[in-house]
Structure formats: C-alpha cells, structure tokens
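First the structure, in the form of structure tokens, and then the observations on it.
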Amino acid sequence: MAEKKRIEASELELQDRLVYINRVAKVVKGGRRFSFSAIVVVGDGNGRVGYGLGKANEVPDAIRKAVERAKKDIIEIPVVKGTIPHEVTAKYSTSKVFMKPAREGTGVIAGRAVRAVVEVAGITNILTKCYGSRNYHNVVKATITGLSMLKSPEIESKQKGEIKA
C-alpha cells in the first residue's frame, strides 16, 4: 500500500461546503443549554478533499472548527475526465455508499452528503447510491473512504504488470 503523504492546506485554494448542522440540547437545572455540531467538507476542485466535524456553543464557531479540522486531513483522489476511474463501494458503520463512473454530461447524481463531497473534490459526472443508514456523519465518512480506495489507471496497470512478470 502506498504511503500517505500529508497535503499542505495552506498551498491550496480550498472551497468549503457545509453538509449539516445539528443542534443538541443539554438539560441543566436552569433549563436547556444548546450547542451545535457542524459537518464541513473542503476541496480544491482538483482531486483533493477532506472533511471535518466541529462542535461549539455558537454556529459560526462550530463551522470554523470544522473547516480547520477538514484542512488537516485532506486526501488526494484520482479524477479522470471529470469522473472516477472505476466503481467502488465503501462502508462506514451502517452506511454504505456505491459510486460508479458516469459518461460526460450525466452530472452528479447523488444525495446531499455525497454530493457535497464529490463536488468539492472536482468530480462532475458520477452515479451514486446510499444504502443503510442515511446519517450525514456516516455517509460523508463512507464517501471519503470510498474515494480513498480509488486507484488511478496508471497505478492499476503497473500493479497488474508486476503481478504478470
């Protein structure tokens, strides 16, 4: 397996997309205390994408924390002519995401969470389907896992060549 090298977020021109904000209430003696958690995905639109979860007492702080977190774990994925090189199915917890390459002009056929991830990654034509739980946290994580499992055509042909030799 290839070694994962860290991608420096400061060198990239990143766009961020808010996937979901959740308001949680803690019941205390004086009533309810509200806090917020935000899921954000960041990407450069050129095959690099990362996600982050931020929690805070105010929405803007939660989003800011999530963006900072997302910038720390950006992964690089192969994008071939605006789509992915091959089919992939990824699972995280009870969420399962199936992604299939699509021909030019198809667009992004995906749900809210998967759409956010693939659009900031720079994928313009893809077919996706979510199975199992539709929980935003798990769907985003499954999508990122699936995209990280992708191999570029050059690497795949090299590996096949090594096996035959």
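Criterion first (at negative phi and modelled with pLDDT under 95) does D16 satisfy it? It would help to see each step written out before you state the result.
Values: at negative phi: yes; modelled with pLDDT under 95: yes.
Spelling it out, D16 is indeed at negative phi and modelled with pLDDT under 95.
Going by the conditions given, is A102 under 12 Å from G146 (Cβ atoms), aliphatic (A, V, I, L, M) and either in contact with a Lys or Arg (Cβ under 9 Å, 6 or more places away or on another chain) or surrounded by 16 or more Cβ atoms within 10 Å (Cβ to Cβ) (or both)? Don't jump to the end; show me each part of the working.
Values: under 12 Å from G146 (Cβ atoms): no; aliphatic (A, V, I, L, M): yes; either in contact with a Lys or Arg (Cβ under 9 Å, 6 or more places away or on another chain) or surrounded by 16 or more Cβ atoms within 10 Å (Cβ to Cβ) (or both): yes.
For A102, the condition - under 12 Å from G146 (Cβ atoms), aliphatic (A, V, I, L, M) and either in contact with a Lys or Arg (Cβ under 9 Å, 6 or more places away or on another chain) or surrounded by 16 or more Cβ atoms within 10 Å (Cβ to Cβ) (or both) - is not met.
Just to be sure, is E119 surrounded by fewer than 22 Cβ atoms within 10 Å (Cβ to Cβ) and closer than 17 Å to V42 by Cα? Talk me through it step by step, then tell me what you get.
Values: surrounded by fewer than 22 Cβ atoms within 10 Å (Cβ to Cβ): yes; closer than 17 Å to V42 by Cα: yes.
Yes: the conditions hold for E119.
Under the condition of being among the β-branched types (V, I, T) and under 15 Å from K129 (Cα atoms), which residue from the range 52-102 is nearest to the chain's Cα centre (by Cα)? Can you show your working first?
Taking the range 52-102 first, the residues among the β-branched types (V, I, T) are 59, 63, 67, 74-75, 77, 79-80, 83-84, 88-89, 94, 97.
Keeping just the survivors that are under 15 Å from K129 (Cα atoms) gives 84, 88-89, 94, 97.
Numbers: I84: 14, V88: 14, T89: 14, T94: 17, V97: 11 Å.
Restricting to residues being among the β-branched types (V, I, T) and under 15 Å from K129 (Cα atoms), the top hit is V97.
The values are calculated or read from the model by the stated rules, or taken from the named source; none is laboratory data. Only a predicted model underlies this, so the values are computations on that prediction, with no experimental measurement involved. When we count neighbours, we look across all protein chains shown, and the Cβ atoms used for this are built from the backbone with ideal geometry, even at glycine.
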